[in-house]
Every structure is written in C-alpha cells, then in structure tokens.
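The values are calculated or read from the model by the stated rules, or taken from the named source; none is laboratory data. Computed from a predicted model, the values in this text were never measured in an experiment. Heads up, the Cβs are rebuilt from the backbone with ideal geometry, glycines too, and the neighbour counts pull from every protein chain shown. In case anyone asks, the SASA skips ligands and DNA or RNA and just uses the protein heavy atoms, side chains included. Shrake-Rupley method; radii C 1.70, N 1.55, O 1.52, S 1.80 Å.
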Amino acid sequence: MAEVSIENLDIQFGSVSVLKDLNLLIEDGEFIVLLGSSGCGKSTLLNAVAGLIDVTGGKIRIAGEDKTDAEPKDRGIGMVFQSYALYPQTTVEGNLSFGLRMANMPKDEIQRRIARVSKMLQIEPYLKRRPAALSGGQRQRVAIGRALVRDADIYLFDEPLSNLDAKLRAELRVELKELHQTIGKTMIYVTHDQVEAMTLATRIAVMQNGVIQQLASPEDIYERPANLFVAGFVGSPGMNFFSGRLRAEAGKTVFAIQGGPEIDVTDYAFAAPLGQGGEAVLGLRPEHLFVEAGNLPLRLPFTVSVSESMGADSVLWGTTAGQKASVRFGSELKLNPPRGTEMELGFSPATLSLFDAKSGVRL
Amino acid sequence: MSSKSEKIMARIGVYAFLVIAAAFFLMPFYVMIVTSLKTMDEIRVTSIFAVPSAPTLEAWITAWQSACTGLKCNGLSVGFLNSVLIMVPATVLSILLGAVTGYALSFWRPRGAGIIFGVLIVAAFIPYQVFIYPLVRMLSQVGLYNSLAGIVAIHVIFGMPIMVLLFRNYYAGLPRDLFSAARVDGGGFWVIFVRLILPLSPPILIVAVILQSTHIWNDFLFGLVFAGSDNQPMTVLLNNIVNSTQGEKAYNVNMAATILTAAVPLIIYLASGRWFVRGIAAGAVKG
Ligand SMILES: Nc1ncnc2c1ncn2[C@@H]1O[C@H](COP(=O)(O)OP(=O)(O)OP(=O)(O)O)[C@@H](O)[C@H]1O
Ligand SMILES: [Mg+2]
C-alpha cells in the first residue's frame, strides 16, 4: 500500500508563496496527473513529495507514515526528470545500477533487476553505451528504467516527454500507460500537455497559481469542469464561453445570451438550486455544437469568419451574437462555408456548462 | 575587389601581427638564453643579441649548485625542492577544499550560502598585504610561523576565494536535476561528491591545477614572510642570487637562475595550454 497524503502543504521560496494550504490524497495504484500552465507549482509539489525541497508548512504522508522531513531515498520513490538527468560519466548500465550500488545491493540482484527492467523497456542493446550516444527517446527510456530498478512504491514523473517530438511522445505515452497497468504502482505525473493528462490519468489535478482547481477523473474534468479556469484550460480549441444572464420564470430556467437569443436550460443539472439567477457564463465545447442541427432541442446563431481543417477534424471560427465561438466537426462533412455565412447550430442541454460570472464557479 | 584576395590580405595581416607579437615576447627570452650560455668576459664585449661564440653550461651549473643566496652558497637546488614541497600539498589541498565548498554552496545551498559566497568574493579583492601582519601573529600563536605547514596553510587560505568561485560557478552550470537524481538514488553529501560530481569535474580541475600550481610556484611575498629560512622557495632564493651585492653582477648566472625558476610554470603552461582553454570553455555537461 502506498497512498500519498499531502496535508495543508505550504511552500515558500523566501517571501514568495508557491503552494498555499494544498491538500491532495492519492490512492494506492493511482495515476495522478498534475496539470497546469507554466509556473503554477507542479514541479514544486512533485519535488516536495520527493523530498528535494524543504516544505514551509504541512505534512506529507506516504503509506501512512509521516515523511515530511525524510530524505528522498527513504521515501520509497523513483523519479524521472524532464531533462532525463542521466549520469553522463557512466554507461546506461552504470546509470541503472548507480543507486543500487550505493545501497550496497549484491551484484547478482543488481544484474537481475537491470535485466528485467532493460527487457521491459527494450534498452538492452544500449546497456554499454553512454547517455550522450543515445537518442532522446532512448535516453528517456533509460531515465524511466533508472527509476524502475529501484522497485519503488511510488513513481514521480516531471514532464518526462516534453523534450521529445510529437510522434515519439505519443509512443512513449502509450508505453507509460502499459507500464502503469503492468506494475500497478502509484504514479504522480506532471505535465502541461492536456492530451497526456487526459489519456494517462486516473485522476487529474488541475492547478493554477499553486492551488488545485479541480481534482477529478479526466471525463469529469472535461465534461463537468468545476470552474471557468478548468473549462478554459482543458480542451483544444477551448470551450466556447457566452456571457449573459440566467433567470427563472414560470417553472423554466432561461439563459439570455448578451445581445442574442434566450436558451432554455431547464434540463441543466444545476449543482445547487438556482436562486435569483444573475450574470452567468454559458460554456459549450466546440464539438458539442452541430452544424447539422437535426432534432437537437437547442439552437444558436453563428456567423462564419474562418474555417480550418486539421486532418480528421475541421473547425469553424466565427461569432455568435457578437461573441467569439468555434465549432468542431468531422472533416468528412466537407464543409467549407465562405466568410460571412450565417448558420444555425444545434446542441443538447446535457452538454452545456454554466458558470457564475463573478466567481467563475460551476453552477 | 574579389573577396578571395581580401581574405588573403586579412590572413597576411593576422600572421604579421602574430609574428610581431611573438617576437616581442620571445626577444627577451632569447637574450636570456644566449646570455646564460656566455662567459662573463664574452658578455662584457659582445652585444646582448650576439650568439655565444663558445656556449657553456657553467652558469647554469653555478646557478643550480653553488650560487650564493645570502650566507649559503648552495645555488637554487634547495629552493627547488622547497618549492615542490610547498606547491604540491598547497595545490592539492586548496583545490579539494575549493571543490567541496563550491559543491556544497551550489548544490546543498546551506542557510547563509549567499553570504558565505559574498564574503569570499570580497575577500578575493582585498590586497594581501593587509593580512600579513595579523597572519604572522596568528601563525606564531599556533606555532606554525616559519614552517612548511605554515606556508602551505597560507597558500590554501589565500587560494580559497578563487577556488571556491571557480568551482561554484562550474557546478552552477551542471544541471541540478543530476544532483536531484543522485539524491533520489540514495546518495549523501560525500557519496554524491565523489561518485557523481568529481567525475564530472576534470575540465575545471585542470584549470584549477594550472592556476594554483603556477600561482603558488611564482609566489614570492608569502614565501619570504612565512616560510622561514629552511623552507624558502625558489623565487626567494632567486631574488637573493640576483640581488646579492658582493662583487660584479654575474649576468649569465642570473639569467640561468631566472630561467630555471620560471621553468616549472612554463612547462605547466606549455603542456596544458590546450586543456586550459578547453576547461575554460567547457560549459554545462549535457547528458
Ligand atoms: N528555488 C526557487 N526560488 C524561488 N522561486 C522558485 C524556485 N523554484 C520555483 N520557484 C517559483 O515557483 C513557481 C512554481 O515553480 P514550478 O517549477 O513548480 O512551476 P511548474 O508548474 O513546474 O512550471 P513548468 O511547467 O514551467 O515546469 C514559479 O513561479 C517559480 O518561479
Ligand atoms: Mg516544472
């Protein structure tokens, strides 16, 4: 059992507070992804779990034990760094065995572990090479291998794939997912790539300015973002936001888009009963808007400005009641309307999100 | 104007400059060598540039074995040994201390690391002379004044600022993740230093060895003040030979003695110049 419990964690560098009263409970065997834009404190949080930086306040428990002040080696962790951080003066084999030799492990046990891991990661052919003689993908495999030979309970990854090209990144992503399914260990993974987050995570923690904005499964993060930040951060192109007013009238709930039509949102699953209504933001993902409205109950006007083809998908950019909007659809529709075309988009009440305009919180 | 002929002109200019510069520095050296190979009689009657008519090593032998350095007349040989005995331990110790301190400051960042570093930098710019009298008192308090250990200690202490600066800056260029990885792998302070950091340090170690060994070898002031009469380094003896006031000046012996004293740093520079430039240029280690 290796759950990680982070309680009221505060981290300051000098007078700069990077993490504030952060709480996070990671279950045994979970794949948690810390997602957020640059500088939001993801690496800081990961390094705190690893014991590489001093915490200002709060506790870090691993497998129930207080490890707040424990040395990195005493935490049962393995770590993979963005820069690989392979020891340049020694071979791949030397890199893999470095920690084991320092722990005075018997030679045959070291050999056994290196054999197992290098087979799993397919790095056997390079064992005698130095890191400088490896490609980026090979280096990252070795870096993962170096973490794996430690037989840790928890693996920490700090943007391990961000230095690789797109194709290799996709390959290694799948390998990492398989790896997690094979060994079933707890993994904490930092990235600002939302595709990695969506595909790998059992749960995603979306961070902003040192605060976790939402901790939920990828589906929940995507379908039911907890606030405007999460809604805007996840998804590409980003979610459409229309500002307007919510009001209740005659047993119905209506959202009036500023300068646009009124939309019946009675069927929306409000988190709490709507009181007075008020200023609000309606969020709709581009792929939940349909060019061929069919029998969808809700409608929006749309004026095309640009169309973009991205291979399998295409995107129309334009405006709805003067507010920016985008629509995504399968390229097989072969739609390429000229600028200025007016059209009607359909969508279903199940796919929309509503946020309080002031606080940004999901309604 | 074709760019080709321009290039040739530029090249000629560069070589002309290099030849003149080399001649400028080599001329005195040439004069020293030819003078050291002449007899005093010949020196008196020929131009300083003249090639010796009957080259002789007599002056060299005198300089090494029997020139008078004050009261004794044993030549430079004693000083050579003293200089080696001072240079080797002082170089090794100051480099080791500088490397460990630089490593601690840049990777372990103890509280007050910034202040320690600042103090060292400031210390590097204070003229030595300021410290001499207090240091004489301090060393005699602990019984190290006029001893080999004392002069070695002095060189180690005065070498610290530059050594720490050198190593700290080199280590600051190493990726910090490397250090973090070694900590996760279970390394402590010394294990990481010995197994990870030192093996990455040869470029800067070479620079440090060159800087320290030549600097310590060339030192005159500390040797004169702190070493004591039994441990006087070669430079002090050279000064005694050259400045001895008795009789006529033996230019040939003086020249030979000077070249002998300068030979060690000269050889170090010539042998390691390539490594020196490489070490200075070595940036972050990629891996
Ligand atoms: N040693 C430090 N001293 C001072 N400030 C620091 C230090 N390390 C990090 N910070 C600050 O803490 C904040 C969070 O840094 P962190 O490295 O955790 O960001 P991140 O989320 O990992 O970003 P990225 O995606 O760019 O890696 C940043 O604003 C950074 O400037
Ligand atoms: Mg980071």
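Tabulated data for the structure shown
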| quantity | calculated |
| --- | --- |
| Residue satisfying all of: in the range B:230-287; modelled with pLDDT of 75 or more and not in a helix (DSSP H, G or I); nearest to the other protein chains (Cβ to nearest Cβ) among these | B:Pro233 |
| Within the range B:156-184, considering residues that are touching a helix residue (DSSP H, G or I) at 6+ places or on another chain (Cβ under 6 Å) and open to solvent by less than 10 Å² (accessible area, probe 1.4 Å), the one farthest from the other protein chains (Cβ to nearest Cβ) | B:Gly159 |
| Search result, residues across the range A:4-52 that are in a loop (DSSP other than H, G, I, E, B) and either outside the structural domain of A:Leu176 (by TED's automatic domain parsing) or within 13 Å of ligand 2 (Cβ to nearest atom) (or both) | A:Ser37, A:Ser38, A:Gly39, A:Cys40, A:Gly41, A:Leu52 |
| Failed item in (1) under 29 Å from the mean Cα position of the chain (by Cα); (2) buried (at least 16 other Cβ atoms within 10 Å of the Cβ); (3) at negative phi, with A:Met343 passing the rest | (1) |
| Close pairs from the range A:97-109: first more than 10 Å from every other protein chain (Cβ to nearest Cβ), partner open to solvent by 80 Å² or more (accessible area, probe 1.4 Å) and assigned to a helix (DSSP H, G or I), Cβ under 8 Å, at least 6 apart | none |
| A:Gly294 open to solvent by 50 Å² or more (accessible area, probe 1.4 Å), at pLDDT 85 or above and over 23 Å from A:Pro225 (Cα atoms) | no |
| Pairs where the first residue, in the range A:193-217, is farther than 15 Å from A:Leu176 by Cα and free of Cβ contacts under 8 Å to residues at least 24 places away in the same chain and the second is within 16 Å of ligand 2 (Cβ to nearest atom) and open to solvent by 10 Å² or more (accessible area, probe 1.4 Å), C-beta under 6 Å, 6+ apart | none |
| Residue in the range A:99-107 that is in a helix (DSSP H, G or I) and either within 22 Å of A:Ile183 (Cβ to Cβ) or within 16 Å of ligand 2 (Cβ to nearest atom) (or both) present | yes |
| Failed item in (1) open to solvent by less than 30 Å² (accessible area, probe 1.4 Å); (2) more than 10 Å from chain B (Cβ to nearest Cβ); (3) among the hydroxyl-bearing types (Ser, Thr, Tyr), with A:Ser38 passing the rest | (1) |
| Contacts under 7 angstrom Cβ, first residue in the range A:22-44 being over 16 Å from A:Arg61 (Cα atoms), partner away from ligand 2 (no atom under 16 Å from the Cβ) and part of a helix (DSSP H, G or I), 6 or more apart | A:Phe31/A:His180; A:Phe31/A:Leu200; A:Val33/A:Leu200 |
